[in-house]
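The values are calculated or read from the model by the stated rules, or taken from the named source; none is laboratory data. Only a predicted model underlies this, so the values are computations on that prediction, with no experimental measurement involved. Note that each Cβ is placed from the backbone with ideal geometry, even for glycine, and that neighbours are counted across all protein chains shown.
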Amino acid sequence: MHTINHALRLKDDSELGLEAHYTGGDRADFESWLGQNLQYQPQSAGDLGERMSHAFVSAIGRGFRSVVIIGTDCPHLDAEIIGQAFAVLETNDLVLGPAHDGGYYLIGLSRCSPGLLQKVDWGTECVLDQTIFNANQDGLTWQLLETLNDIDRPEDLAHWEDCQEAELATDLGRISIIIPTLNEGERIGDLLSRLKHVSGVEIIVADGGSTDETRTVSRRYGALVVTSPLGRGRQMNAGANRASGDILLFLHADTRLPSDFPSLVRQGLEHPNTVAGAFRFRLDDRSPMLAVVEWLTNLRCLVQSEPYGDQALFMCAAIFHEMGGYPDTPILEDVILVRRLKRRGRITILKQYAVTSSRRWKRLGIMTTFLFHRMVMLAYALGVQPSTIARWLKRLNYYRTTQPTTDLHRNEESRSCIQGK
């Protein structure tokens, strides 16, 4: 189940098929054990190479453009590594995940290769080298992933114990980062590359219908991608509903966190009577006018204890769900939630900064953007509904499209992930 659970993280829509190839029992036995979220296929006859070859031919013959086969004996194999394998297959014929014993824990193909898995001495330290030799003979382009340990002998159980201890450590105060996106394909990769190696963190991209490569890039970095109707509040609620962490951190795609943010977040929530927290506000452009914007924003935040969404708001998951999550409004979802939280307890503003892109300030002009913000907050303070304010801003052309559009109904080719041994 350990490997199955990691593979299931990638199965969020019809783009990815997940199959379990079994032997030594019937379908009902495996469904009762592994659940009904998988497709089940009996393994073919023959040695390991023949069985994998049959699986590749079968899946590619059913229209999957790339196929990855993984085993169940590599404890450090996770969703991120599987996602990397599919990314390699976008530009290569073959991907291999080497094991320290000379074999491999993962193999993927984007086209059939009849001779690839022939004349391989399975179960020996020559498996990887012989497979690469066959690949070169067949003219395949290939790439290796990182080398990991698998479990073949009793002494290898130490690798499983190390993995279990690491996962237990990350489950204590596990943080789920939820990133709402819409056409952030050019930026999301940089953000996720900074986050993917942080331990004890789950990354969820809550997409509102991007027409660019946002979802593809996010999966490539191992993020869990959740789709929802457009609307930042709706998207963040959808992400929170799929989160497994006991701390939720809501992060804009153009905001960067300090490198030690996990410990800062956990420490921030330890303060007495604290229900939520956020970082101080900083822009990535150090121009004098924007420095004034930063100073005014941080002063208001410290005096009123009302951080905005681009300050990486965080809180315990239990409190978030108890408060009903973000309101379903076109704007001001962060302001409304923060004010609800203030009635519940303290909101801690950390001394460290979350750095946000200044792109929207530059797009409309610094003074114009500042005046828009003040107008919105004044109207809301006077009792104007967020939906009405949003209509005003639309008439004033505040929401200008910054990303090119493509066909929303395009058909994406399928991919397959086959689990077997």
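Within region 46-76, track down each residue that is touching a helix residue (DSSP H, G or I) at 6+ places or on another chain (Cβ under 8 Å), modelled with pLDDT of 85 or more and on the phi < 0 side of the Ramachandran plot. Residues satisfying the conditions are S66, V67, V68, I69, I70.
For region 275-306, a residue qualifies if it is of a type in the set (A, V, I, L, M), out of contact with any Phe, Trp or Tyr (no Cβ under 8 Å at 6 or more places or on another chain) and closer than 20 Å to R340 by Cα, and the qualifying residues are V275, L302, V303. The single condition among (1) in a helix (DSSP H, G or I); (2) modelled with pLDDT under 90 that H271 does not satisfy is (1). With respect to the conditions (1) part of a loop (DSSP other than H, G, I, E, B); (2) touching a helix residue (DSSP H, G or I) at 6+ places or on another chain (Cβ under 6 Å); (3) farther than 26 Å from R391 by Cα, F279 falls short on a single one, namely (1).
Take region 103-129 and flag every residue that is surrounded by fewer than 18 Cβ atoms within 10 Å (Cβ to Cβ) and not basic (K, R). Listed by number, the residues that qualify are C112, P114, G115, Q118, D121, W122, G123, T124, E125, C126, D129. State yes or no: is A253 part of a helix (DSSP H, G or I) and modelled with pLDDT of 90 or more? Considered against the rule, which asks whether it is part of a helix (DSSP H, G or I) and modelled with pLDDT of 90 or more, A253 comes out as no.
On inspection, A276 passes the criterion of being in contact with a Leu (Cβ under 6 Å, 6 or more places away or on another chain) and of a type in the set (A, V, I, L, M).
Residues in region 168-217 that are buried (at least 21 other Cβ atoms within 10 Å of the Cβ), small (G, A, S) and in contact (Cβ under 8 Å) with a residue 60 or more places away in the chain: S176 only. For A318, the criteria (1) closer than 17 Å to R360 by Cβ; (2) surrounded by fewer than 17 Cβ atoms within 10 Å (Cβ to Cβ); (3) among the hydrophobic types (A, V, I, L, M, F, W, C) hold in every case but one, which is (1).
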